[in-house]
1. Give VAL449, VAL454, VAL413 a once-over and let me know the one that is of a type in the set (A, V, I, L, M) and free of Cβ contacts under 8 Å to residues at least 60 places away in the same chain.
2. Can you give me the number of residues within region 426-453 that are assigned to a helix (DSSP H, G or I) and either surrounded by fewer than 24 Cβ atoms within 10 Å (Cβ to Cβ) or among the acidic types (Asp, Glu) (or both)?
3. Select, from LEU212, LEU205, LEU187, the only residue that is more than 30 Å from GLU29 (Cβ to Cβ) and open to solvent by less than 70 Å² (accessible area, probe 1.4 Å).
4. Taking ALA348, is it open to solvent by less than 10 Å² (accessible area, probe 1.4 Å), touching a Cys at 6+ places or on another chain (Cβ under 6 Å) and either under 24 Å from ALA282 (Cα atoms) or not assigned by TED's automatic domain parsing to the domain that holds TYR455 (or both)?
5. Evaluate the following for ASP414: is it of a type outside the set (Lys, Arg) and assigned to a loop (DSSP other than H, G, I, E, B)?
6. How many residues does region 1-25 hold that are farther than 23 Å from ARG395 by Cβ and part of a loop (DSSP other than H, G, I, E, B)?
7. Does region 192-201 hold any residues that are surrounded by 12 or more Cβ atoms within 10 Å (Cβ to Cβ) and under 28 Å from the mean Cα position of the chain (by Cα), and which are they?
8. Considering only residues that are surrounded by fewer than 17 Cβ atoms within 10 Å (Cβ to Cβ) and among the polar types (S, T, N, Q), look in region 351-393 and name the one that is nearest to ligand 2 (Cβ to nearest atom).
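The values are calculated or read from the model by the stated rules, or taken from the named source; none is laboratory data. For clarity, every value in this text was computed on a predicted model and none was experimentally measured. Every residue, glycine as well, gets a Cβ built from its backbone with ideal geometry; the counts of neighbours run over all protein chains shown. For the accessible areas, the whole protein counts, side chains as well, though only heavy atoms, and no ligand, DNA or RNA atoms are used. Shrake-Rupley method; radii C 1.70, N 1.55, O 1.52, S 1.80 Å.
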Amino acid sequence: MSEKSKSQLLEEELSYEKKSYFEIADEEERKKIFDYAKGYMAFLDAAKTEREAVTEGIRMAEANGYTPYVFGEKLKAGDKRYYNNRDKNLFLIVKGSAPLAEDGVRILAAHVDSPRIDLKQNPLYESGNMAFFKTHYYGGIRKYQWTAIPLALHGVLVKADGSRVFVTVGESDEDPVFYINDLLPHLAQEQSAKPLGSAIPGESLNILIGGLPYPEGDVSDKIKLNVLSLLNEKYGITERDFQSAELCVVPAFRARDIGFDRALIGAYGHDDRVCAYPAMTAMFDTDAPEHTLLTILADKEEIGSEGNTGMQCRLLLDILEDLAASDGVSGALVRSRSYCLSADVNAAFDPNFAEVFEKKNAGMLSAGAVMSKYTGARGKSSTSDASAEFVGFIRKLFSENGIAWQTAELGKVDIGGGGTVAKYIANLNIDTVDLGVSVISMHAPYEVVSKADVYALYRAFVAFCQK
Ligand code: MN
Ligand code: MN
């Protein structure tokens with residue numbers, strides 16, 4: 001082996017180089033990376049909507065000794081609670097041993113809604129010997145990606161008597177799936193010449209749900225009637241029940257290993273369950289912490305964090321106020337001492353589309369958890385932009401705990417942008433920075449992440465909870 005030159009040694013000492021976590025990890029750690037992915041993939045398959053993620057989150061929390069949180073209760077160190085907000089937004093709380101007046105709350109905030117296609121309130125119709133559902137897409141989808149793939153239906157209907165019916169069709173191997181028609185290339189000359197964003201209009205995202213006419217009678221829409229009759233038989237519902245319903249169409253794919261070496265995971269909705277799962281498991285794996293811990297799984301992030309299940313809802317403030325009151329201190333003081341990792345994804349550098357990235361500041365697949373000091377668009381519009389001091393604090397924490405992490409911006413400066421829940425939490429006078437996972441094909445029906453990054457994020461959250 002040749003000896004390193006003085007300049008090589010100096011470069012090693014002074015420069016920063018992004019490295020693959022797979023390369024840094026020893027054999028034992030690499031095994032942990034692959035083992036951790038199995039639990040995450042099971043969570044992905046169990047929780048394709050925010051409602052399912054909350055149900056699954058509660059199941060996991062209860063298995064780890066969590067019980068429902070009651071406003072006004074006085075928590076002791078080590079108490080574990082969850083708060084279920086309308087089945088779509090979940091808070092996990094562990095009371096730490098340190099007083100809230102000194103130590104504040106350590107918050108992990110992820111979202112559990114993903115871009116998808118919702119049914120309209122009057123969805124059902126028949127045409128061309130087929131029955132369809134009319135839809136209204138939810139979040140930033142690229143519409144052309146959702147045609148001609150197998151789809152599943154998930155959701156809830158509230159019947160006239162107020163009772164709820166839960167529906168999941170398209171996930172088991174015996175189930176039928178659903179479909180959005182697309183044009184054959186032979187007749188797509190005009191469509192193919194259109195810009196990608198307008199080639200598939202929103203009103204054409206109709207879900208194919210049937211083709212069998214009702215066997216008798218003289219009604220005009222026999223296929224529609226037959227579908228209604230089947231739904232009535234199975235769920236006891238009528239056409240009007242769709243008006244008090246939340247029915248979501250999601251890809252029918254399951255999470256799978258990607259690649260010969262199985263290094264990557266393909267799945268629907270990594271954004272943002274790839275942060276929700278590590279946040280929850282990091283809390284479950286933290287016993288009797290010094291810090292009081294709070295994990296938030298928010299809804300409605302993909303449409304602006306609005307409403308009473310989104311991150312802009314007052315509920316977070318109410319819970320923090322209540323925790324402060326239980327310690328006999330002011331909420332304002334507790335918030336001023338609290339820290340938050342806003343847990344959301346960033347775009348991974350994609351060599352197939354290198355022109356939209358600035359490589360030096362892009363999230364690199366497998367290079368560890370990705371920190372975004374700021375998000376937003378153009379001149380840092382609409383971002384909370386974490387302070388150098390808070391980033392420095394997190395950096396020190398990660399370096400002391402051997403966490404693989406990197407920083408990233410979402411694409412080139414003028415090319416686009418995006419936001420997360422970070423600013424809503426920062427607005428409460430809480431130091432907040434984004435930390436997540438780099439994703440290939442974000443918001444596509446099937447997104448890709450690296451197993452190394454998922455495990456790195458989990459380890460980062462554990463360090464944040466425990467140190
Ligand atoms: Mn997200
Ligand atoms: Mn998103």
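1. Unique residue meeting the criteria: VAL413.
2. Within region 426-453, the first condition is being assigned to a helix (DSSP H, G or I), and the residues that meet it are 426, 451-453.
From what's left, either surrounded by fewer than 24 Cβ atoms within 10 Å (Cβ to Cβ) or among the acidic types (Asp, Glu) (or both): 426, 453.
Residues meeting the conditions: 2.
3. Among LEU212, LEU205, LEU187, only LEU205 is more than 30 Å from GLU29 (Cβ to Cβ) and open to solvent by less than 70 Å² (accessible area, probe 1.4 Å).
4. Values: open to solvent by less than 10 Å² (accessible area, probe 1.4 Å): yes; touching a Cys at 6+ places or on another chain (Cβ under 6 Å): no; either under 24 Å from ALA282 (Cα atoms) or not assigned by TED's automatic domain parsing to the domain that holds TYR455 (or both): yes.
When the stated conditions are applied, ALA348 does not pass them.
5. Values: of a type outside the set (Lys, Arg): yes; assigned to a loop (DSSP other than H, G, I, E, B): yes.
The answer is yes for ASP414.
6. Taking region 1-25 first, the residues farther than 23 Å from ARG395 by Cβ are 1-9.
So of that shortlist, the ones also part of a loop (DSSP other than H, G, I, E, B) come out as 1-5.
So the answer is 5.
7. Quick first cut of region 192-201, residues surrounded by 12 or more Cβ atoms within 10 Å (Cβ to Cβ) only: 194, 199-200.
Passing the criteria: ALA199, ILE200.
8. SER382
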